[in-house]
1. Could you tell me how far the Cα centroid of the stretch B:79-123 sits from the Cα centroid of the stretch A:210-252, in Å?
2. Between A:Trp134 and B:Ala68, what is the spin-label point distance in nm, taking each point 7 Å from the Cα along the Cα→C-beta axis?
3. Here is the link list: A:Lys18/B:Lys65; A:Lys27/B:Lys285; A:Lys18/B:Lys285; A:Lys68/B:Lys65; B:Lys110/B:Lys262. Which ones come out longer than 29 Å on Cα distance?
4. Most exposed first by the Cβ proxy, i.e. fewest other Cβ within 10 Å, how do B:Cys359, A:Cys242 rank?
5. Let me know the shape class of the stretch B:9-82, please: from the alpha-carbon gyration tensor, a ≥ b ≥ c as square roots of the eigenvalues, rounded when a/c is under 1.5, otherwise prolate if a/b is greater than b/c, or oblate.
6. Considering only C-alpha atoms, what is the centroid distance from the stretch A:18-33 to the stretch B:186-214, in Å?
7. For B:Lys332, A:Lys212, what ranking results if the residue with the fewest other Cβ atoms within 10 Å of its Cβ goes first?
8. Quick check on the protein assembly as shown: of the DSSP beta bridges with both residues there, what percent are antiparallel, nearest 5%?
Amino acid sequence: MSGPAAGYNFGYLDEQTKRMIRRAILKAVAIPGYQVPFGSREMPLPYGWGTGGIQVTASIIGEDDVLKVIDQGSDDTTNAINIRRFFQRVTGVTTTTLTGEATIIQTRHRIPETPLHEGQILVYQVPIPEPLRWLEARESETRRMHALAEYGVMRVKLYEDIARFGHIATTYDYPVVVNNRYLMRPSPIPKFDNPKMHRNPALQLFGAGREKRIYAVPPYTDVVSLDFEDHPFEVQRWDATCSLCGSADSFLDEVIVDDAGGRMFVCSDSEYCQRQREAIS
Amino acid sequence: MYVAVKGGEAAILASLEQVDAARRGDRALAAISVAQIREQMRLAVARVMAEGSLYDPDLAALAIKQAAGDLIEAIFLLRAYRTTLPRFGTCSALDTSDMLLQRRISATFKDIPGGQVLGSTYDYTQRLLDFTLLAEAAAVPALEAVAVEPEASPRVADFLAAEELLARESDDDGSPPPDLTREPLSFPASRAMRLQNLARGDEGFLLGLGYSTQRGYGNSHPFAGEIRHGWLSVEYLPEELGFAIDIGEIEITECELFNQFKGSATVPPQFTRGYGLAFGHAERKAMAMALVDRALQAEELGEPVAAPAQDIEFVLYHSDNVEASGFVQHLKLPHYVDFQSELELVRRLRREYQGRQECSGEPE
């Protein structure tokens, strides 16, 4: 593996900035689910494309780390490749596609199917960190609501969904309560992945670059998806299984395969799918 | 047949080559030099420096070249470079009454000490396409220095402020100014923080917002008290030295708007100010900024806050074109997973809807 790019510090950010971000991360870990404002830097990748996650990763990565980057569950989507290439250029660390071997996994929109273990860090890219944002546009107001744990408005929203549609019509970025205190937005992962956050042995860090917030779920922390006694939280189910590996319990993406609208379902987690196939053959 | 999303890395590398090729254009023509852009596209350079928050004409010109003339992309390039620069300190406050003026006009007084200097402006060019430029034929006369002596042209606002007819700006208490690029925006946002945000805000966004205040969305009656463009020395006071040293000259445009204010319980009737400042020659930006700065003072002045331009959170959170451009365009990224989740829900809701339709249709 080649060394870091000439002219730039290891991990692109200067050490002062990394320290500032690590302080924000420590505060976030100390107050699970609380959004810590931080002096987000302008990164050489566009806002909205993972700058928060990139800054978190850049601040915690060391020479011995092994990095995996996924987008939509896959290591080979262009944005994942681009972020991986960025870290290869600015750190020279080893990268991997294997979930079990990575020490840091930066992700957009998915949690890997393979269970994480202690010592791993999952870094989420977060577009909008505020779970109450669609209900209250003002940051000054939502911060007050968090301070008072005034989350009734979200319960009402979910109730209205049930009244109108018969279901809670939120399928991704489904709100959770962390450590029985803060309402948290899990970033746009499908609600299928929400149960994986609960008491996960890995440290989960969330970076929102444009919105300048960091938050965290420490290992083995309670993460509960909001629901009602008579409408319990449930995850998506498919009638199909993965056309490639036959998995019946992974998140499936639909792929249109012909002009007649014919379709097939395949695992969104490409690494998991690959290993399942290897296990079969 | 599985349409795999493999091969992304090769596609990215091929795309980078195409970017370079497309930027270069027809190779039968000479490549444009960075120096040519700096000298002949100075207004584009000014915008990139202002919104890129970095005064460096050469790097701004380089960014414009690299971005094939896409100014927001050039601003992004400059900002990403700026982030990596160390901060040595804060310069002494600029006193714009010391400016070496290239242009200076006031719409509030017919004549002012130092006089009105029209200078270089597109205002009276009549906008007829000049086809001689197409032929590159006409020789352009070199500009003679028309600079006005700085001591002869004090700022118009200072006359009115001396008579208390214009609001005094709150005194600088000497504390270091906030740095929007190092600290997250928080509310209530100080005027210094707001002005920083507007100074690097997108010209088009501010123009539209400023315009809206003139059309009744946030009542304001602005007068262009003074617009000045020229050069100003920047001084820095190193602690170990004990005296300020001149570290260079920058080109800036400053705009002060005077707005009518009928007074409140504690403040007598007087004019209030909107302030705009931009790197380079950028009058449209400076004026739009001043309009929005004044609109954002509504709450402090006890005016109703009803229009978008008066809404501090709305304006400050959406003024930055690098943030906006990134987030709008992130929609290009794959959203297979979210979309799959929504698809599943919509299908389920449709099945239930059709079920209800069939049930209610039965009696007929």
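None of the figures in this text is laboratory data; all of them are computed from the coordinates on show. Given the structure is predicted, the values throughout are model-derived calculations rather than measurements. Glycine also receives a Cβ, built like all others from the backbone with ideal geometry; neighbour counts cover every protein chain displayed.
1. Cα centres, the stretch A:210-252 to the stretch B:79-123: 55 Å.
2. Placing both labels 7 Å beyond Cα along the Cβ direction yields 3.6 nm.
3. Working: A:Lys18/B:Lys65 32 Å; A:Lys27/B:Lys285 39 Å; A:Lys18/B:Lys285 34 Å; A:Lys68/B:Lys65 34 Å; B:Lys110/B:Lys262 24 Å.
Listed pairs above 29 Å: A:Lys18/B:Lys65; A:Lys27/B:Lys285; A:Lys18/B:Lys285; A:Lys68/B:Lys65.
4. Values: B:Cys359 9, A:Cys242 24.
Taking fewest neighbouring Cβ atoms as first place, the list is B:Cys359, A:Cys242.
5. On the way: a/c = 2.93, a/b = 1.35, b/c = 2.18.
It is oblate, given that a/c is not under 1.5 and a/b is not larger than b/c.
6. Rounded to whole Å, the Cα centres lie 30 Å apart.
7. Numbers: B:Lys332 12, A:Lys212 24.
Ranking B:Lys332, A:Lys212 by Cβ neighbours within 10 Å, fewest first, gives B:Lys332, A:Lys212.
8. Working: 51 of 68 bridges.
Here the share of antiparallel DSSP bridges comes out near 75 percent.
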